[in-house]
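Here the structure comes first, spelled out in structure tokens, and everything after it is commentary.
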Amino acid sequence: MIGVLVSGEGTNLQALVDAGLPIAAVASNRDDAPALARVSIPTRAFELGDYDDRAARDEAMAEWLRAQGVDLVVLAGYMHLLTPAFLERFPAAIVNVHPSLLPSFPGAHAVEEQIAAGVTESGATVHLVDEGIDSGPILAQERVPVLEGDTPATLHARIKRVEHELLPKVVRDLCAR
Ligand code: GRF
């Protein structure tokens, strides 16, 4: 069963739900994440302020996901780095979707940085998660053009359209392993 971690809007979560994938639980680091309101499956927020430190928060989140039967974790716009306390609970079973052609432009401001750099090509990457920032082995990538006059918002919207196809496809393949 799949557990999805979100921090924001949740359009990728929506794409996973719409693809009919077996999602058991949705967790977030923010209890005001709009993504949490999208689904009628169990959701829970794990705010850092409620725990001693990140490791304790991540341990509680991993424990809750395991209790929901989760064995594959999908980061769909989850904006905190995961500590080893979490990673060790799901070895080689955490994937992330990122709005650039990794290894170029890792990090939280990838779309703005690509516009600022004047690149002519961007894309979406789905990769396995390790302790680094958007640094794990790449599972799939798809390119999109950067067009004249693009803003971070218009480029991000184009990338997300690709993410919404690519992420469910990769997750479906992983479920079939
Ligand atoms: C996506 O562009 C994803 O690549 C990045 O965060 C964004 C999340 O969007 N990691 P949403 O919350 O799924 O709409």
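Okay, here's what the table says:
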| read-out | value |
| --- | --- |
| Qualifying residues in the range 148-177 (those that are away from the ligand (no atom under 12 Å from the Cβ) and under 11 Å from residue 115 (Cβ atoms)) - the one farthest from the chain's Cα centre (by Cα) | 149 |
| Every pair of residues 6+ apart whose Cβ atoms lie under 9 Å, when the first sits in the range 66-93 and is under 21 Å from residue 48 (Cβ atoms) while the second is within 16 Å of the ligand (Cβ to nearest atom) and open to solvent by 60 Å² or more (accessible area, probe 1.4 Å) | 77/9; 79/30; 79/108; 81/133 |
| Residue in the range 105-121 that is open to solvent by less than 60 Å² (accessible area, probe 1.4 Å), of a type in the set (S, T, N, Q) and in contact with a strand residue (DSSP E or B) (Cβ under 8 Å, 6 or more places away or on another chain) present | yes |
| Residue match in the range 45-57 (condition: under 20 Å from residue 138 (Cβ atoms), within 16 Å of the ligand (Cβ to nearest atom) and under 16 Å from the mean Cα position of the chain (by Cα)) | no |
| Number of positions in the range 122-147 that are under 21 Å from residue 15 (Cα atoms), open to solvent by 70 Å² or more (accessible area, probe 1.4 Å) and more than 14 Å from the ligand (Cβ to nearest atom) | 1 |
| Scan of the range 12-31 for residues that are within 13 Å of the ligand (Cβ to nearest atom), more than 14 Å from residue 61 (Cβ to Cβ) and surrounded by fewer than 19 Cβ atoms within 10 Å (Cβ to Cβ), ordered by number | 14, 17, 18 |
| Of residues in the range 97-121 being at positive phi and within 13 Å of the ligand (Cβ to nearest atom), the one nearest to the chain's Cα centre (by Cα) | 107 |
| Check on residue 36, assigned to a strand (DSSP E or B), within 12 Å of the ligand (Cβ to nearest atom) and aliphatic (A, V, I, L, M) | no |
| Enumeration of residues in the range 32-44 that are at pLDDT 95 or above and either under 18 Å from residue 157 (Cβ atoms) or surrounded by 17 or more Cβ atoms within 10 Å (Cβ to Cβ) (or both) | 33, 34, 35, 36, 43 |
| Condition broken by residue 62, with the remaining ones in (1) within 16 Å of the ligand (Cβ to nearest atom); (2) open to solvent by less than 30 Å² (accessible area, probe 1.4 Å); (3) hydrophobic (A, V, I, L, M, F, W, C); (4) touching a helix residue (DSSP H, G or I) at 6+ places or on another chain (Cβ under 6 Å) satisfied | (1) |
| When residues of the range 65-83 are limited to those that are open to solvent by 70 Å² or more (accessible area, probe 1.4 Å) and out of contact with any Ser or Thr (no Cβ under 7 Å at 6 or more places or on another chain), the one nearest to residue 137 (Cα to Cα) | 81 |
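So that you can scan it fast, the table gives a plain yes or no per residue for (1) under 16 Å from residue 164 (Cα atoms); (2) among the hydroxyl-bearing types (Ser, Thr, Tyr):
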| position | (1), (2) |
| --- | --- |
| 83 | no, yes |
| 98 | yes, no |
| 114 | no, no |
| 129 | no, no |
| 150 | no, no |
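The values are calculated or read from the model by the stated rules, or taken from the named source; none is laboratory data. Computed from a predicted model, the values in this text were never measured in an experiment. No Cβ is skipped: glycine too gets one built from the backbone with ideal geometry, and neighbour counts run over all protein chains shown. To get the accessible areas, we keep the full protein, side chains included, count just its heavy atoms, and leave off ligands, DNA and RNA. Shrake-Rupley method; radii C 1.70, N 1.55, O 1.52, S 1.80 Å.
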